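Trainee: Below is a structure I'd like to ask you about.
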Number of protein chains: 2
Amino acid sequence: MSNCRQQAAGSTKLTPEEHLANITELIAQFGTWPSTESILVADALDRYLVTAVPAPYDSPRFSNSQVDGYALSQAALDRLPGSFSVGADIPAGADPALKYPQGIDPDNSGETIVPIMTGAKIPAGVAAIVRVEDAVPPEFPENTHNDGTNGTNTDASRGKPTAPRREISMAQKGQFIRQQGIDSRAGEVIVDSGEVLSPTAIAALAFQGVSTVKVRKRARVLIATGGAEVAEIGELDAEAGSAVIPDANFPMLAAQAQRYGLEPVGRVHIDDDVDSLATSLQKAIDVHQPDLVVTSGGISKGKYEVVRQLLADGDGAWFGAVAQQPGGPQGYGSFAGVPCICLPGNPVSSLVSFRLFVAPAVGLVPEPIKVISAEPLTGLSDKDQFLRARFEYSSGHVRARVVSGPGSHLLQQAVAADALVRVPAGATVNARQRLWAYPL
Amino acid sequence: MSNCRQQAAGSTKLTPEEHLANITELIAQFGTWPSTESILVADALDRYLVTAVPAPYDSPRFSNSQVDGYALSQAALDRLPGSFSVGADIPAGADPALKYPQGIDPDNSGETIVPIMTGAKIPAGVAAIVRVEDAVPPEFPENTHNDGTNGTNTDASRGKPTAPRREISMAQKGQFIRQQGIDSRAGEVIVDSGEVLSPTAIAALAFQGVSTVKVRKRARVLIATGGAEVAEIGELDAEAGSAVIPDANFPMLAAQAQRYGLEPVGRVHIDDDVDSLATSLQKAIDVHQPDLVVTSGGISKGKYEVVRQLLADGDGAWFGAVAQQPGGPQGYGSFAGVPCICLPGNPVSSLVSFRLFVAPAVGLVPEPIKVISAEPLTGLSDKDQFLRARFEYSSGHVRARVVSGPGSHLLQQAVAADALVRVPAGATVNARQRLWAYPL
C-alpha cells in the first residue's frame, strides 16, 4: 500500500467539481480525445458540432407561395373586388420565368390571375396571393397547366370552350407570399459550434443543401468491471450458497456510455489478480484502441484492490476520496498511455460516478437544474449526497422526489430514478429549499 | 377531387387529440405493430418492456459486507473495547463456509475477529463489521489469507512469527452488514411492463441474472418525402434561378424516428405523378416490409396533391383539417395493407405533426408538462398553436420561451427549440398563465 498515492488520512477530501476538473485534465493530458470527423448530416443526430455552419443561401432561397391560390398583380389588386380570367398555372418546382418571362401582367392590365401552388417560386409582377378557397368558385379550373391554353379552357361537363373566370373580393398586398430570406439570411449561422444536432437542426442544414458536418468523434470507451465476487456473463453459479453475483456494472456502464454519447468498444473482466488484469487490459487496448478506460471496483481499502494496485504507480495516478455519497472512493491514472477513470464498484456508486465524472468529461450530459425538494431532507455532516430521485412537474414547478434509500447497494430501488438530487453536506432541506438535480 | 373524403367545407375541424386517437385506431386496424421480440438485456437500452420481470432472488441475494473491515461475533462485540487476534480473511467471491464451516466464533469466545472484504458473503456468527480504518493499527495484517496460518502470522520486517492483533473500541450491532433482501425481495417486480429501460433498469435486471427481456419491436417506418419542388439528394441544381429546394424532410423525419424509438427502414421520393408514387411505394413496401408509411406533403388543396390522390379512396382513408397551426392539413389511409400517416409538407409542419401524431402512436415520447409562459402570447381565434420554444429552468420553475415566429416555413428559427408550447385557440396568455409544453 506504500505504492499508492492516496490522500493522507484526515486530509481534505476533494469536492465533486475538483475531481471532475482533475479528470478533464487527465483526458487532456493523456487522451486522444476529442478528435473530429466529417459525417453525413443525415447520420448526425445527437452529435456535437465542432465547426459552425453558415447558411449558403437565404431561407427561403426564393420567394414562394404559402398556399394553393392565385397570384395577383398590383393592377389586379387595384381592381378588387372583381372578376378575372385565369392564366396558366405555376406548379411547385417549375421555374415560373418559363411561362411568364415578363411577369404575370406585362401590360399592367390586371385582367388575368395565375394559379400558383404551395411552395412554387413567385414569378415577377406578383403583389399578393389569394387562397383558392377564397375565390368564387372556390376551386381551381381544370387544365390550366397547358401553357398553350392560357386563358381558355374546356369545361368537361358542357363540352364547349369557355374562358374560366374567378371572382375575388379582397386581398392585402403581400399576403401569402413567403419572402426570400424571411427565415434567415445567407451567411447567418445555421447551427453553431458546440451545439448538439437535433432533428430540426438536421433539417435546417439539409434545407440549405449542407450534406456533411464536422463533429466530435464519440469517445471510445473500454469498460473494465468485475471483482472476484462478480461472475462473468454466463458463468454464474446460481445455487443458494453461492457467494458470487452477476455483473451488473458492465451492461449498466455500457448503457450509460450510449446514453451520454460515448461508444463502448470493449470489455475487460477484472478478477482479483493484478498481473492478469494488466495482461487483459493491454490486450484489449491493443485490439480496441480506446480513448479511455473506465474501471469499476478495486480501488478502496481492501486487500484485493487490483485496479488501484495496478495503476497507482503509473503516470498521473491519483486514488483517494471525494466528499460525496455514494461514490466517495475514486481514482484515475493511465495504462499504456491511455487515461483510466476508476469508479467504485457498487452498482449505484458506479452509476452516480459515471454520470458525474465520466459523462461530463468526455460525453454529453444535460445541465443540472434547480428543483424544489418534494420532501424534507437532512444532509450528511461531511459530504454531499446524490440521492436517486424522480422529477415531478406540476403547474410550472419542477420537483425532485427521492425514490431510493441512500445505500449504494440499493440498486433495485434506484430503477425509477431519472435524476440525482444533490443534498449539500450539513443541509437541512425543507419544502421550499431549492436543490440541484442532475438528469440521468 | 370528388374522390377525396375530405371534410365538408365549414365542418368542425378535429382536435389534435381526436386526430391522434384516429391514427392510433388506424394502426390497430391495419398495423402489424406492435409486435414483440426477446432481446438481450445488454442491448435493451431505451426499449419498451412488454412483460414485467419479477426478481428471481432477494437483492442482495446474500448478506454481505458493506466495507473492508473485520467481522465480529456477538461475544466479541460484548468484549468491546478490546484487543483481538485476527483470523483468516474472507475475500469477496469466496464461500466463507469453506474457511468457517461453523461460523467465525464456534466456541463463543469472542477472541478472534475476521478480515472481510467489501461485497464478501457474511459467514455465520457475524454480529457487526468494523471498518479496517477504525481498528488500531488501521490496516490489515499481511498474509491472513492463508487458511493454515489462521491466528498466527509472520511479520516480514522482523522475520519471526507473531500473532497479529487489532484494538477495537466500539461498534454497533449490525453495522456495515448489507442484509439479504434489504434492497428488494425475490418475486418483487424489478421493472414493470410498460417501462422504458434505463441504464439503471438494465443494471437491476443484470444484477438478478436476467439475461433477456421481452420488448416491443421498434416500429419499422418507411418515409416518403418530396414534391416536385424538392430535389432528391445529390440532384439539386443550386443555381440562383432554381425553383427547387433540397429535401429537408427525409433527414428530419428519419432523425425524429430514431429519437422517438422507431426504426426508419427506407425512403420513397414523391414526385408529382400519382402512378409513379404508387409504383415506388409498392416496391419499397415489398423490400422493407414496414409497419407503417409516413408521408410528407401532397395532401392539401393544390392541383398536384399526389399523396391524397393516391390514398383518399383507399381503406380507412381520411384527409381533412385539424384545428391547429402549424399542421392543419392532415391525412391518413392505407396502401397495400400498410397504414399510412400523411403529414403536411412544410418542414416545420412535418416536424410538429410527427411529434404530435406519429411518435405518440407508435413510438416513445416524453409526457407533456405544464410550464409557465416566459412572455405574453395571444392565441389564434380558431385553432391551437404549437409554437417552437425552449425550456428555461430557474429556481424550481420551468418556463417555455418561444424561439421562432409562427410561420411553418421558419425552419431555421426553430433550430433552438426543444419543446412545442401549446397556445389554445382564443387564449390571451400572460406571465402567470400555465401552458402545456411537448418536449421535442
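Trainee: Quick one: with label points 7 Å out along Cα→Cβ, list the inter-copy distances for residue B:315 in nm, shortest first?
Mentor: Inter-copy label distances (nm, one decimal, shortest first): 6.7.
Trainee: Another one. Along Cα-to-Cβ, 7 Å out, sits the label point; list in nm, shortest first, how far the one on residue B:106 is from those in the other copies.
Mentor: Computed spacing set for this position: 11.4 nm.
Trainee: Using a Gaussian network model of chain A with C-alpha springs under 10 Å, which one of A:247, A:68, A:313 is most mobile by mean-square fluctuation?
Mentor: A:68
Trainee: Which single residue of chain B puts its beta carbon nearest to the axis of rotation relating B to A, and what distance, in whole Å, does that give?
Mentor: Spelled out as residue then distance in Å, it is B:398, 2.
Trainee: Say a label goes 7 Å from Cα toward Cβ at residue B:425 in every copy; what distances in nm does this one have to the rest, shortest first?
Mentor: Values, ascending and in nm: 6.0.
Trainee: Would you kindly compute the Cα radius of gyration of the stretch B:236-374 and its largest Cα-Cα separation (Dmax), both in Å?
Mentor: 15.6, 49
Trainee: Using just the alpha carbons, could you tell me how many Å³ per residue the convex hull of the stretch B:266-344 encloses?
Mentor: Numbers: hull volume 6.9 nm³, N = 79.
Convex hull of Cα atoms, per residue: 87 Å³.
Trainee: Right, something else. What FRET efficiency do you get for residue A:51 and residue A:29 if R0 is 35 Å and r is their Cβ-Cβ distance, rounded to the nearest 0.05?
Mentor: On the way: r = 25 Å, r/R0 = 0.71.
The calculated FRET efficiency here is 0.90.
Trainee: Same structure again: Would you calculate the convex hull of the Cα atoms in the protein assembly as shown and tell me its volume per residue in Å³? Don't jump to the answer; show the numbers that get you there.
Mentor: Details: hull volume 146.5 nm³, N = 880.
It is 166 Å³ per residue.
Trainee: In addition: In a shell of Cβ-Cβ distance under 14 Å around residue A:290, excluding residue A:290 itself, what net charge do Lys and Arg (+1) and Asp and Glu (-1) give?
Mentor: Details: positive: A:217, A:218, A:220, A:267, A:283; negative: A:263, A:286, A:291.
That works out to +2.
Trainee: Given the pairs A:173/B:301; A:217/A:283; A:13/A:301; A:121/B:301; A:13/A:217; A:173/B:13, which span a C-alpha to C-alpha distance of over 25 angstrom in this model? The partial results should precede the final answer.
Mentor: Values: A:173/B:301 22 Å; A:217/A:283 23 Å; A:13/A:301 16 Å; A:121/B:301 17 Å; A:13/A:217 34 Å; A:173/B:13 29 Å.
Beyond 25 Å: A:13/A:217; A:173/B:13.
Trainee: Separate question: What distance in nm separates the two pseudo spin-label positions at residue A:189 and residue B:37, each 7 Å out from Cα along the beta-carbon direction?
Mentor: 4.0 nm
Trainee: Given springs between every Cα pair under 10 Å in a Gaussian network model of chain A, which of A:108, A:249, A:64 has the largest fluctuation?
Mentor: A:108
Trainee: Could you sort B:126-136, A:266-276, B:425-435 so that the peptide with the highest average Cβ count within 10 Å comes first and the rest follow in order? List each step's numbers first, then the result.
Mentor: On the way: B:126-136: 20.4, A:266-276: 17.8, B:425-435: 14.1.
Order by mean packing, descending: B:126-136, A:266-276, B:425-435.
Trainee: Going by a ≥ b ≥ c, the root eigenvalues of the Cα gyration tensor, does the stretch B:309-396 fall in the rounded group (a/c under 1.5), the prolate group (a/b larger than b/c) or the oblate group?
Mentor: Working: a/c = 3.29, a/b = 1.92, b/c = 1.71.
The shape class here is prolate.
Trainee: How many Cβ atoms of partner chains, on average, are near each residue of A:60-73 if near means within 10 Å of its Cβ?
Mentor: Details: counts 5, 7, 7, 0, 4, 1, 4, 3, 6, 2, 0, 0, 0, 0.
Across A:60-73, the average partner-chain Cβ count within 10 Å equals 3.
Trainee: Same structure, new question: Given +1 on the Cβ of Lys and Arg, -1 on the Cβ of Asp and Glu, and no further charges, what dipole in debye does the protein assembly as shown carry about its Cα centre, rounded to the nearest 20?
Mentor: Working: 72 positive and 94 negative charges, 393 e Å.
Dipole size: approximately 1880 debye.
Trainee: Moving on. Between B:120, B:284, B:317, which gets the highest mean-square fluctuation from a Gaussian network model of chain B, Cα cutoff 10 Å?
Mentor: B:120
Trainee: Could you tell me what fraction of 2.2 N^0.38 Å the Cα radius of gyration of chain B comes to, as a two-decimal ratio?
Mentor: Working: Rg = 33.2 Å, N = 440, 2.2 N^0.38 = 22.2 Å.
The reported ratio for this selection is 1.49.
Trainee: Set Lys and Arg Cβ to +1 and Asp and Glu Cβ to -1, take the dipole of the stretch A:259-385 about its Cα centre, and tell me which of A:325, A:377, A:312 lies farthest positive.
Mentor: Among A:325, A:377, A:312, the one farthest towards the positive end of the dipole of the stretch A:259-385 is A:377.
Trainee: Can you check what the Kirkwood hydrodynamic radius comes to for the stretch B:67-117, Cα pairs only, in Å to one decimal? It would help to have the intermediate numbers written out before the result.
Mentor: Details: mean 1/r = 0.0896 Å⁻¹.
Final number for the Kirkwood radius of the stretch B:67-117 is 11.2 Å.
Trainee: Sort B:283, A:121, B:383 by Cβ crowding within 10 Å, fewest neighbours at the top.
Mentor: Working: B:283 12, A:121 25, B:383 22.
Least to most surrounded, the residues fall as B:283, B:383, A:121.
Trainee: Let me ask something else about it. Towards the positive end of the charge dipole of chain B, with charges on Cβ (+1 Lys, Arg; -1 Asp, Glu), say which of B:394, B:27, B:55 has the farthest Cα.
Mentor: Of B:394, B:27, B:55, it is B:394.
Trainee: What average number of partner chain Cβ atoms lie no more than 10 Å from the Cβ of the residues making up B:427-439?
Mentor: Working: counts 0, 0, 0, 0, 0, 1, 1, 4, 1, 0, 2, 0, 0.
For this peptide, the per-residue mean of nearby foreign Cβ atoms is 1.
Trainee: A further question on this structure: Residue A:380 label point, 7 Å along Cα→Cβ, cut-off 12 Å on backbone N: hits in the stretch A:394-436?
Mentor: Hits in the stretch A:394-436 for residue A:380 at 12 Å: A:406-409, A:423-426.
Trainee: Determine the relative contact order of chain A: mean sequence separation of Cα pairs under 8 Å and six or more apart, normalised by residue count, in whole percent. Walk me through the intermediate numbers first.
Mentor: Details: 999 pairs, mean separation 73.9, N = 440.
Across chain A, relative contact order equals 17 percent.
Trainee: Okay, next question. By the gyration tensor of its Cα atoms, with a ≥ b ≥ c the square roots of the eigenvalues, what is the shape of the stretch A:376-435: rounded for a/c under 1.5, prolate for a/b over b/c, or oblate? Show your work: numbers first, answer last.
Mentor: On the way: a/c = 2.56, a/b = 1.07, b/c = 2.39.
Oblate.
Trainee: Average partner chain C-beta neighbours within 10 Å, per residue of A:117-127? Can you show the working numbers first?
Mentor: Details: counts 10, 13, 12, 5, 6, 1, 1, 0, 0, 0, 0.
Shielding by partners across A:117-127 averages 4.
Trainee: Which ordering of B:295, A:279 is given by a fewest-first count of other beta-carbon atoms within 10 Å?
Mentor: Result, fewest neighbours first: A:279, B:295.
Trainee: Would you work out the Kirkwood radius for the stretch A:9-145? I mean one over the mean of 1/r across all pairs of different Cα atoms, in Å.
Mentor: Details: mean 1/r = 0.0504 Å⁻¹.
Computed over the stretch A:9-145, the radius equals 19.9 Å.
Trainee: What does the convex hull of the Cα atoms of the stretch A:283-440 come to per residue, in Å³, rounded to a whole number?
Mentor: On the way: hull volume 19.5 nm³, N = 158.
Residue-normalised Cα hull volume stands at 123 Å³.
Trainee: State the answer as a single residue: which of A:336, B:198, B:277 lies farthest towards the positive end of the charge dipole of the protein assembly as shown, with beta carbon charges of +1 for Lys and Arg and -1 for Asp and Glu, about the Cα centre.
Mentor: Result: B:198, furthest along the dipole toward the positive end.
Trainee: If you find the alpha carbon centre of the stretch A:73-103 and of the stretch B:323-340, how far apart are they in angstrom?
Mentor: 31 Å
Trainee: Quick check: net charge around residue B:73, other residues with Cβ under 12 Å of its Cβ, Lys/Arg +1 and Asp/Glu -1?
Mentor: On the way: positive: B:79, B:173; negative: B:78, B:105, B:107, B:111.
In short, -2.
Trainee: Exposure proxy check: B:117, B:252 ranked by fewest other beta carbons within 10 Å?
Mentor: Values: B:117 28, B:252 31.
Listing B:117, B:252 from fewest to most nearby Cβ atoms yields B:117, B:252.
Trainee: Under a Cβ-only charge scheme (Lys and Arg +1, Asp and Glu -1), can you give me the dipole magnitude of chain B about the Cα centre, in debye to the nearest 20? Please list the in-between numbers first.
Mentor: Details: 36 positive and 47 negative charges, 199 e Å.
In debye, rounded to 20, chain B gives about 960.
Trainee: Restricting to Cα pairs below 8 Å that are 6+ residues apart, what does the relative contact order work out to for the stretch B:300-405? Please round to a whole percent.
Mentor: Details: 131 pairs, mean separation 19.9, N = 106.
RCO, the stretch B:300-405: 19 percent.
Taken together, the values in this text are just the output of simple stated rules run on the coordinates, not laboratory data. Quantities reported herein were computed from a predicted structural model and do not represent experimental measurements. Every residue, glycine as well, gets a Cβ built from its backbone with ideal geometry; the counts of neighbours run over all protein chains shown.
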